[in-house]
1. Normalised by the empirical 2.2 N^0.38 Å for globular proteins, what value does the Cα Rg of the range 89-128 take?
2. With charges only on Cβ, +1 for K and R and -1 for D and E, what is the dipole size of the range 372-454 about its Cα centre, in debye, rounded to 20?
3. Between Ser356 and Arg512, how many nm apart are label points set 7 Å from Cα along the C-beta direction?
4. Between Ser390 and Ser112, what is the label-point separation in nm under the 7 Å Cα-to-beta-carbon projection?
5. If you find the alpha carbon centre of the range 369-404 and of the range 82-98, how far apart are they in angstrom?
6. Give me the net charge of Tyr405's neighbourhood, meaning all other residues with Cβ under 10 Å from the Cβ of Tyr405; Lys, Arg count +1, Asp, Glu -1.
7. Would you kindly find the accessible area of Ile209, with a 1.4 Å probe and non-protein molecules such as ligands, DNA and RNA excluded, rounding to the nearest 10 Å²?
8. Can you flag which of Lys252/Lys306; Lys354/Lys409; Lys252/Lys479; Lys87/Lys122; Lys354/Lys414; Lys216/Lys252 are past 24 Å Cα-Cα?
Amino acid sequence: MTQEPDFLHWYETNLPARERKIRGHYSTPTRLIEQILDVCGYTADQDLSRLRVLDPACGSGNFLTGAVRRLMASEEQFKRSPGMLVKHIQHNIWGFDPDPIACFLAEMQIRSTFSAHYPHIKTLRNLHIHQADGLAFPWEQSSNHQAVDLFLANPPYLAAKNNDLSGYRSAHQRGQSDSYLFFLDLALQIVRPGGWICLVVPDPVLARINATQERKRLLAETTIHHLWHLANVFTAYVGAVVIIARKGAPSKHHLIQWRRERWHPRNMNALTTPTPILNTQPQHVEQSLLRRQPNAELRYLLSNQKNKLLEQLSLYTHDFKQDFSATANRLTSPHPLQPLRQLVTIRRGEELGKDSPYLHTHSSAHHNAYYHPVLRGGIDVRPYSSLQASRYIAREHISKPLERYLTPKLLLVKSVGRLQATLDTQGHVVLQTLYMLHLTQPPTEQASFTQEDELYFLLALLNSRLLQEYVYVLYTAYKWVQPQIEQHVLANLPIPVDIDPTAKRAIIERARQLMQACAQTTPALKLKEQIKQSLYEEQEQAIHALYVMALIKQQHREIS
């Protein structure tokens, strides 16, 4: 494997961390580039002499150098002269970058690669490496419009909230955007039919709402061949997604090959012999399934058969996300599912960090009525856990109504990939890393279930394997770094409401038993094996049956 020249590492490693972040300057690893070129067919055994390659954000030229290396090997394979090779490099290899030093290094890297094989040829001049913004170039007026055969880019990850992107025309056609989405738009604009698009972009592109427009176009206008969701590719605090697609609408049952794993930079065969997170072999998902998602989310984890119920729930609950009340008022029969927001209010705790100076650990606070115990998300709360605060806050530093904390409430951790909930009846104050759920309408005296019963019922659902998988598979799995359960996701969780009272009572009682068991030992996943099998699994089966029945009732309502 050819190594990158030292001068490239010098430039990147000597940029201050803040400067690298502002510029989005993180070079693509050479081994990853080799894998990308392999799967899109840009290989030495093919005639590459007529294929135009573009990197519109070329940086130090890693992608372009990889392409030049392949082009050189192809020219040798087809026994062409060095002079023809020079002409093909000059004609077919294009790069843009606004950083003059990066452009200089890109040219140096290409020339260094060429000279290593042809040391006596000094004619590699007039390279198409341009100090310019690839997004601002008037492509529609250029002869290169829709003439790119291979679009390679690891564009800067610049968010509109931190950067002024208003100068780009496409920014005026939408709300908040991110720079890498403009590069996806550009690829769809200038790649010829049958050409390849290879992008390395941050993983929020998989499911974030502001990327809906680009995902819809990508799924409609290209055939996606590979989707690699990788952690640890860059030192930047973000996961990466490699999208490899061919321009042209997909066939009806086209399958996308996807992988989810941690990138191991020292592994020479990082994608051919991976250390996977979920699977030992590449998985496949129908492109049509992704096109059916409400906002064209690239929810590749829905490919498994066991996730059919989750897909049905997601498509159904999307219908009541925007205006559930209006829909419900038009129907005479009871609605089998309601969004969680119809049953509870959802609020965050105090807007303080876990290291705030307002939080005290001294033991005297424990017995002082002036101080209140504080819970921190991800530290003090686990599924069904008993609550033991190790921090305290003075009354004067509590900014939100104290009554919210003193009344019974469910607590749910925000910054996690899967739901973790417990019940608080002891009046703890909580930080903003926890959601507080209070019943909107406490049960009347004539109701079959008390307020505490209703909280235990919701606690059982929120800790259920089904809803944990629902949130993970549909929302949180698509962000490697700092996954979070957004409030709108929590608010729209589907909750069965048209339930047999006996079945509901049984779920409530098992939830109480799980709380008691966890108070005596450790969190639910560490219960003794016999308790897990007899209690936890029984609860899971009962909750799964509730949701299956709710969907059946909904189907009957639609038919009638």
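The values are calculated or read from the model by the stated rules, or taken from the named source; none is laboratory data. Keep in mind it's a predicted model, so treat the numbers as computed, not measured. Backbone-built Cβ (ideal geometry, glycine too); neighbour counts: all protein chains shown. Surface accessibility is based on the protein's heavy atoms, side chains included, excluding ligands, DNA and RNA. Shrake-Rupley method; radii C 1.70, N 1.55, O 1.52, S 1.80 Å.
1. Numbers: Rg = 10.5 Å, N = 40, 2.2 N^0.38 = 8.9 Å.
My calculation over the Cα atoms of the range 89-128 gives 1.18.
2. 500
3. Taking the two extended label points, one gets 3.5 nm.
4. Modelled inter-label distance: 4.9 nm.
5. Answer, in whole Å: 63.
6. 0
7. About 100 Å², rounded to the nearest 10.
8. Table pairs above 24 Å Cα-Cα are Lys252/Lys479.
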